[in-house]
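These notes are about the structure you will find just below.
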Amino acid sequence: MEQSKVYFSDLRAPVGTNLLRKLEKLIRRAGIGDIDMEKKLVAIKLHFGEPGNLTYLRPNYAKVVADVVKSLGGVPFLTDCNTLYPGRRKNALEHMEAAYENGFSPFSTGCHVIIGDGLRGTDDVEVPVEGAEYIQTAKIGRAIMDADVFISLTHFKGHEATGFGGAIKNIGMGCGSRRGKMEQHNAGKPLVRQSRCVGCRRCSRECGQDAISYGEDGKAGIDQEKCVGCGRCIGACNFDAIRTPDDAANAELNRKMADYAKAVVQDRPQFHISLVIDISPYCDCHDGNDTPILPDVGMFASFDPVALDQACVDACLKLPVMPGSLLDDRMHEDGFVDHHDHFINTTPEAEWESCLEHAEKIGLGSRSYTLITV
């Protein structure tokens, strides 16, 4: 397969420039202007951040992308779909309030916020997926599918279920409606290791399905019938007491996510941007964030989301570990096994390779790329 082009800009900003101008230069050099956007509705998919979390991308970056789209004649809007779990993004009203609270308003970004799957997360479109193996029809937020052009703006970081959260996760999981997210998650249902559970009950506060209860000994148990496998409880547990039962479940989640991403981008213009900064160990869906596990890297852009994710993870795996981070703690635990992979060392129950392998297999993009520094 022909190598895809991935464009990169570091985070150095000498006097006279700044990161916002560097981002605009990057995406223009990467070819965003080659897309016909004249009078087209342009979805800019990003994560607004759960209130309390401070590693989500600043709205300033979204404004740069929106302003470039408008300069090309397009009509941009910022979008994401509702969540499965409790928090402040589970319906459109709360979700928009959370977005505004975190700075994503028409006044700060120059475009409107539209929640892709509607008020209750039920406004979706069933999209047949070309070449998919796990999904017959993906359930994608209607507003996202109604757009003429699709752009992803991703915060690249760690993730407790998929190893890392990059462009494919932002697109595939993020654009799924609530039932679409459930369809992707429903194979990987976690279990509790009773010997490690201390009965702190944090996991139950994160569960949106009331699937977690406690025995007379105070230990947690998960009702497999109610559980949808979203993995929030895994990230909530500070004692490594909750894990998925086998590697196949994570691999299936990753492959479904790639199938969903293919549904979103197939047959229409697409462009993708990833900022590898504030590389937290877990997703921005949490209402808090731990210290970054790795130093900041920079900004990447490509027409190919698979090549983009591969370039971002390759850059991360070359970095030193941040002292005092969760990853640093893991590496100093008794019995630590080095997987020579920062993301798997952080969350050994997770893996990411299956996602990129499957994404390439179904024609979402190529893992082979040429890196061009801007």
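In table form, for the structure just shown:
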{"quantity": "Cβ-Cβ under 7 Å pairs, at least 6 apart or on other chains, region 329-342 side assigned to a loop (DSSP other than H, G, I, E, B), far side open to solvent by less than 90 Å² (accessible area, probe 1.4 Å) and aliphatic (A, V, I, L, M)", "calculated": "ASP341/LEU317"}
{"quantity": "Residue check, ASP267 in a loop (DSSP other than H, G, I, E, B) and either within 16 Å of the chain's Cα centre (by Cα) or free of Cβ contacts under 8 Å to residues at least 40 places away in the same chain (or both)", "calculated": "yes"}
{"quantity": "Contacts under 8 angstrom Cβ, first residue in region 66-80 being crowded, with 24+ Cβ neighbours inside 10 Å, partner of a type in the set (Phe, Trp, Tyr), 6 or more apart", "calculated": "LEU78/PHE48; LEU78/PHE104; ASP80/PHE48"}
{"quantity": "GLY365 vs. criteria farther than 30 Å from GLU24 by Cα and not polar (S, T, N, Q)", "calculated": "no"}
{"quantity": "Which listed residue is touching a Pro at 6+ places or on another chain (Cβ under 6 Å) and either crowded, with 17+ Cβ neighbours inside 10 Å or of a type in the set (A, V, I, L, M, F, W, C) (or both), from THR109, THR55", "calculated": "THR109"}
{"quantity": "Residues being part of a loop (DSSP other than H, G, I, E, B), touching a residue at least 24 places away in the same chain (Cβ under 8 Å) and open to solvent by 50 Å² or more (accessible area, probe 1.4 Å) - total across region 12-51", "calculated": "4"}
{"quantity": "Close pairs (6 angstrom Cβ cut-off, 6 or more residues apart or separate chains): within 13 Å of ALA241 (Cα to Cα) in region 197-209, open to solvent by 80 Å² or more (accessible area, probe 1.4 Å) and at pLDDT below 90 anywhere", "calculated": "VAL198/PHE239"}
{"quantity": "Residue list for region 88-105, filter: open to solvent by 40 Å² or more (accessible area, probe 1.4 Å) and within 27 Å of LYS70 (Cα to Cα)", "calculated": "LEU93, MET96, GLU97, TYR100, GLU101"}
{"quantity": "Selection count where residues are farther than 14 Å from GLU349 by Cα, open to solvent by less than 20 Å² (accessible area, probe 1.4 Å) and outside any loop (DSSP other than H, G, I, E, B), scope region 218-235", "calculated": "1"}
{"quantity": "The listed residue being open to solvent by 60 Å² or more (accessible area, probe 1.4 Å) and either in a helix (DSSP H, G or I) or at pLDDT 95 or above (or both), out of PRO348, PRO323", "calculated": "PRO323"}
{"quantity": "Hits in region 129-164 (condition: open to solvent by less than 20 Å² (accessible area, probe 1.4 Å), farther than 22 Å from LYS63 by Cα and out of contact with any Asp or Glu (no Cβ under 7 Å at 6 or more places or on another chain))", "calculated": "GLY158, HIS159, GLU160, ALA161, THR162, PHE164"}
{"quantity": "Matching residues in region 355-371 - criterion: being touching a strand residue (DSSP E or B) at 6+ places or on another chain (Cβ under 9 Å), surrounded by 15 or more Cβ atoms within 10 Å (Cβ to Cβ) and not charged (D, E, K, R)", "calculated": "CYS355, GLY365, SER366, TYR369, LEU371"}
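The values are calculated or read from the model by the stated rules, or taken from the named source; none is laboratory data. Because the structure is a prediction, the values reported are computed rather than measured. When we count neighbours, we look across all protein chains shown, and the Cβ atoms used for this are built from the backbone with ideal geometry, even at glycine. Quick note on the areas: whole protein, heavy atoms, side chains included, nothing else; ligands and nucleic acids left out. Shrake-Rupley method; radii C 1.70, N 1.55, O 1.52, S 1.80 Å.
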